[in-house]
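Q: Before we start, here is the structure in question, set down as C-alpha cells.
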Amino acid sequence: MSTYEKLSKATPFQTAFDVDPATGFMPPEPPLRRLPQAWEAWEVLLDEAIHKRLAPGDKVGLTMAEATQSERWRASLRAIPLISTTELLVDDEPALARRAHVVLTFLLSFYIHTLPPRSSILIPKPLSIPLLQVSNHLGMPPVVTYSDTVLYNWELQESVRNGDATPGCSSCPATTCATLNPATARASFLSENIRAQTTFTGLTDEEAFYETSAKIELRGVEALDIMRSTMDELFVSDSIAVTRVTKLLQRFAVVVADLKKILLDIRPLCDPERYYNDVRPFFRGEDSSHEERRWVFEGLEEYPDLVESGVTKELSGASAAQSSLIYALDAFLGVKDVRSSSFMARMQKYVPKNHRLFLDHLADSSRPLRSFVMDRADGQDGQELKDAYNASVNALKEFRDGHMIIAALYIVGPARRARNRLQDPEETKKLKERSLKGTGGTDMVKFLKGVRDQTKHTMISPVVV
C-alpha cells in the first residue's frame, strides 16, 4: 500500500457540500486521468492540440505554418461524430462528468482562441452539444473555469502513484506522517507531491501556475478547520469561548500569511512573458476579448431543454475569483460587499454547485464572527480577541497585496512591454484595453484594489496599519 493510500484511509471522504476534511474544496482522490474508450475521440483531439503546441490566433508574429496547423486541427474536430453523453451524466459517477468538462472546455478554448482574431466564432456541433449537456448536468458554465484548471486537474507524482518512497516531502515525511493530525498530514503530503494533469501548452510554467493554486487550496484546509472550530465556539459564546476563539484567530492569521507566501513563491517557477503570451490567452472568455465576438453554439436550437436552461449565459474566462476558498475567508471574517459585488456574485456561478451551497451556508451564519468580536471587545480578554481578529483581517489584506504584486508582474508588465513593441496606434489601444481586462471580464487593477481596500476597512477600529 502506498503512502497516499494509507493517508487516504485516515479521514472520511466527501462530507456535506463536497468539502473534504483533508483536501478542502479539492476532491479527496486524484481526478480521473482519462475518459473511457467511448469518449476517446475527445481525449485524442486534446492530446494532439497539446502535442502540436497550437498557438493563439492573435499571437504576435504568428507564422503561416502555425495558422495552418491550427486550422487542420479545427477541421479534425469538426469531422468527429456527435458522441452521446448519456452514460457520462450519472449522479453516482461525478468523476466522469468532471473529466468530460475539463476535456471539452480545453477543446473549446483551443478551438476558439486559435481562430484568426476577427473571424466569427461558430462552435461545431460535435463539441458544442456534449459540452452544453455536461455543463448543464454539473451546473457549471460551458467554458474553462478555475475548477477545470485546478480543483479537478491534478494527479500525484509518478513515484507516489507507484507506491515508492515519498520524494521531497519535507513538511510531512512518510516516516512521521502517522504522528500528525490525519487531515493535516494528508493535505501536507498532497501539497508536496501534487502535479498538474492537463495543460494547454505543456510548459512547466503553466504547470507551476496551476500547482501554486492547488497548494493554496490545500494550505487553506487548516483555515477551513479553524472556521468550523470557531463557529462551534460562537454557538457556546461564553468566556471560555472568547479565549478559544482568540487562539483560533491567532492561528488563522498564520495560515493566511502562508497563503501569501505560497502565492509569491510562484515567481521563480513561472516566467511572466511565457504566462502572458502563451498560457493566459486560453483563459479568455467571451467577455474578455476587445473584439467582442459572440460565441455561437451550433445545434443549440435543436435541444430546447438546453435553451431553456440558459446554460450559455455565463461565458467569462477562468479566474482566481472563482476560488471558493477565498470566498470562504471573506465570509468568515465578515468582509462586506466583496461576495455581493456584481462581479464576485457572477463569478460564484463558476464555482461547483455544492461549493456554492457551502458558501451560502457560511455567509448565512446566525452567529457572525465579526459581531461576536465587537460585542466582546470591551470585556475581559476583549482587546486580545480584537487584536487577533484584526491580525487575521490584515493577513487577508496582505494576501491581496500579494495578488496585486502577481498581477503587476504577470499581466500589467508584460502587457506594457507588448504595447511598446507595436507600431500601429489602433492596435496599441486595443491591446491596452484587453490587458486591463481580467480573464473574468472585469477591470482587473481596479477590482483588485477595491477588494483589498474593502478587506482593510473590515478591521475593527481603532487600529493603525
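Read-outs: derived from the displayed coordinates by stated rules, not from any lab. Note that the coordinates shown come from a computational prediction; the quantities given were computed from them, not determined experimentally. For neighbour counting, all protein chains shown are included, and Cβ atoms are generated from backbone atoms with ideal geometry for every residue, glycine included.
Q: Report the percentage of all Cα-Cα pairs in segment 89-155 whose separation exceeds 19 Å, rounded to a whole percent.
A: Taking all Cα-Cα pairs of segment 89-155, the fraction more than 19 Å apart is 33 percent.
Q: Another question, then. Looking at the square roots a ≥ b ≥ c of the eigenvalues of the Cα gyration tensor of segment 266-381, which shape do they give, rounded for a/c under 1.5, prolate if a/b is larger than b/c, or oblate?
A: It is oblate, given that a/c is not under 1.5 and a/b is not larger than b/c.
Q: Compute the distance in nm between two label points, each set 7 Å from the Cα along the Cα-to-Cβ direction, one at L62 and one at D238.
A: Taking the two extended label points, one gets 6.8 nm.
Q: For segment 249-339, with only Lys/Arg (+1) and Asp/Glu (-1) charged at the beta-carbon, what is the dipole magnitude about the Cα centre, in debye rounded to 20?
A: Its charge dipole is roughly 800 debye.
Q: Find how many whole Å separate the alpha carbon centroid of segment 273-334 from the alpha carbon centroid of segment 10-89.
A: When both Cα centres are located, 16 Å separates them.
Q: Can I ask one more? Calculate, axis by axis, the spread of Cα positions in segment 189-306 along the three principal axes, and write the results as whole Å, longest axis first.
A: 62, 45, 28
Q: Next question, about the same structure. In percent, how large is the relative contact order of segment 257-346, given Cα pairs closer than 8 Å and 6 or more residues apart?
A: That works out to 23 percent.
Q: Order the peptides 86-99, 315-328 from the highest to the lowest mean number of other Cβ atoms within 10 Å of their residues.
A: Ranking, from highest mean packing down: 315-328, 86-99.
Q: When 1/r is averaged over all different Cα pairs and the result inverted, which Kirkwood radius in Å belongs to segment 324-378?
A: Mean inverse Cα-Cα distance, inverted, gives 11.9 Å.
Q: Could you list the GluC sites (Glu not before Pro) in segment 265-371 that lie in coil according to DSSP, counting only those with at most 13 other Cβ atoms within 10 Å of their Cβ?
A: E291, E292
Q: I would also like to ask the following. I need the trypsin sites (Lys or Arg not before Pro) found in segment 275-360, filtered to DSSP loop residues with at most 15 other beta carbons within 10 Å of theirs.
A: For trypsin sites (Lys or Arg not before Pro) across segment 275-360 that sit outside H, G, I, E and B with at most 15 neighbouring Cβ atoms in 10 Å, the list reads R293, R294, K313, K336.
Q: Tell me which of L306, A257, I240 sits at the most positive position along the dipole axis of segment 212-363, charges placed on C-beta atoms (Lys, Arg +1; Asp, Glu -1).
A: Value: I240.
Q: Can you return the aspartates and glutamates within cross-link range of K336? Criterion is Cα-Cα under 12 Å, with same-chain partners fewer than 8 residues away left out.
A: Counting by Cα, and skipping residues close in sequence, K336 has these aspartates and glutamates nearby: D453.
Q: Mind listing the long-range amide H neighbours of W154? Cut-off is under 5 Å, sequence gap 5 or more, other chains count too, H placed in the peptide plane at 1.01 Å from N.
A: Under 5 Å from the amide H of W154 lie the amide H atoms of Q197, each far enough along the sequence or on another chain.
Q: Take each of the peptides 236-243, 386-393, average the number of other beta-carbon atoms within 10 Å over its residues, and list them starting from the highest.
A: Ranked from most to least packed, the peptides come out as 386-393, 236-243.
Q: Still on this structure, I have one more. Just to confirm the filter: which trypsin sites (Lys or Arg not before Pro) across segment 20-63 are DSSP coil and have at most 12 other Cβ within 10 angstrom of their Cβ?
A: Answer in residue order: R33.
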